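Data first, discussion second: the structure below is written as structure tokens.
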Amino acid sequence: MIDADRIKYLQEQIRENDQWAYKELFTSLYSYLFHFARTLLKAKEPAEEVVSDVFIKVWEHRSNLDKINNLKVYLYISTRNCAYNYLEKQRRTVTRPIAEFPEDLPSIYFDPEQLMITADMLAMIQQAINQLPPKCKMIFKLTKEDGLKYQEVAEILNLSVKTVENQLAIALHKIGTAVHFDIQKTIPSSHRQSH
Amino acid sequence: MGKDEKEYTWNLLAKKLTGEASPEELQELAALLRRNPELHYPMQTLIDLWHSGEPSRQAAAESAFDRHLDRMEKLNTGFTTGVPSATSDHPSALDYVPARRSRSFRTILTVSLITITLTSTWLLLYPGHNRQPLSPNPLLASTAPALNEVVTVNGSRTHLTLPDGTKVWLNAGSRLTYDKNYGSVRREINLTGEAFFDVANNPQQPFIIHTPRMDVRVLGTSFNVKSYAADKTTEATLVRGSIAVSIKNRPDETIILKPNQKLIVTSDLTTLLRHQPGQSRTVSDSTAQISIRPPSYEQNTGAMIETSWVNNKFIFKDEDFGSLSKDLERWYGISIRLTDPAQADWRFTGNFEKENIQQALDALKLTANFNYIIQGNQIQIITNK
């Protein structure tokens, strides 16, 4: 994830009409915002459209960019709002609060080579992540994958910082427990095979 | 370990991973792990997991950006039709309306285009340059015997054909030089000012234009180069074909321009002079900002502004008077003196063809509150109080 200072710099450059900076902002944040939008909309094309709309607004209102304190959070919230507007336009009722949308995408990526763990254990971990309650999973994704701070996740999902903190602890606990169980199961069984 | 303590340990681990933990909390976590060794393995696995990288999605983001640009163009955001000023608080500015790019015009564009505006002169920037610096005076120029030189003064334009058949249109106040070996062993020219090129095809010998700030290598078809000493920016615009631009002092960075892209390098003279070769810097380093934009089009006719001078038209769009006055000086062969720094920020859009300088200034007066005094070749701009 692009660091905050770089975003600040790009923000100033875009205000000065720098299309190069605009492109850098877009390409560094696109995949995160796209996955976020796709989670909310459960479809690829409208998600891409929503992110594109958000960035069009950034360009159109670039002279006011200095008024935005945290541009990254602004982009997530705009993506969320745009996605909601899109759903409303589609005359679909939006009844669930945002964090309840299941993060049902294979967007959490692990490299088994980097992790030095068995494929079996990786499967266990993936399963544990997939079984996380939606809010929990969304928070896990936004903090791990998108590198967002508690405060930022709280703003984006309309939750308290305390809730974000607790939910992430729950997520880690559940994944950690899966790892724990895995040791207890696999060590005795490999023991048996070696005899 | 109690349930509460366990929850608390995971909470601390979460804080550690997200960078939210205080030094005290990190110590506390370490103490808890010492007391509960069974947590070591799952927690270490989670730490590894957390930092496990994801594959780069750069290529996907780049192609998404291309589709995004297409949408912006359709929605007429002004992004793809030239960049209007973001600050519209110039009281005398003409209303900027983003031009719709006419399809018919797009299809009749048959040339590649490069516009280069230079930051400073050869001599000042590169005192140790191995080429003999040239004087506009032909007598002085003859001290560099290996060079051919073509010069236009302000207010005049010319065209010529180079030994290999390449056609060149040279705009006002420009100088083009090439050596006696041009066409036999290499095709390299030096340019200050502005020129339009129709390059004879020869894949064995790339056509290279040297300017103080950048080198442009032509990979195919025809194009236009503009290169003036007085301007703050260096620009390269390509309409069709392919060109590679390398910025001076940055041998590792070659920028390949695609059609409908314009490269602008902004840097001020002092930082340019201070810059040491080999010093590492990013493309968007603040001392030399590089941006890529589309070229501009005239609203009514769809004519590309950057090449309009070849057809004896003087077109400008949302241009600040600071740079417009320099264009007027070159076009009419006069000199303009601004008497108030604020005048440089006035912005104009317009189109001159047969007008003389007086008619041109009278037209500009309609949208900005000024008067002018002509004394011989000198024109003073005076803001009306």
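The values are calculated or read from the model by the stated rules, or taken from the named source; none is laboratory data. Please read all numbers here as calculations on a predicted model, not as lab measurements. Here the Cβ is made from the backbone with ideal geometry for all residues, glycine too, and neighbour counts use every protein chain on show.
Values as computed for the structure displayed
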item	result
Hits in the range A:26-66 (condition: under 17 Å from the mean Cα position of the chain (by Cα) and aliphatic (A, V, I, L, M))	A:Leu29, A:Leu33, A:Ala37, A:Leu40, A:Leu41, A:Ala43, A:Ala47, A:Val50, A:Val51, A:Val54
Candidate set: the range B:16-50, residues that are at the interface with chain A (Cβ under 8 Å from one of its Cβ atoms) and surrounded by fewer than 13 Cβ atoms within 10 Å (Cβ to Cβ); chosen: the one modelled with the highest pLDDT	B:Gly19
Of all residues in the range B:305-320 being β-branched (Val, Ile, Thr) and either more than 23 Å from B:Thr367 (Cα to Cα) or under 18 Å from the mean Cα position of the chain (by Cα) (or both), the one that is surrounded by the fewest Cβ atoms within 10 Å (Cβ to Cβ)	B:Val310
Members of the range A:4-45 that are away from chain B (no Cβ under 12 Å), not in a helix (DSSP H, G or I) and not small (Gly, Ala, Ser)	A:Lys42
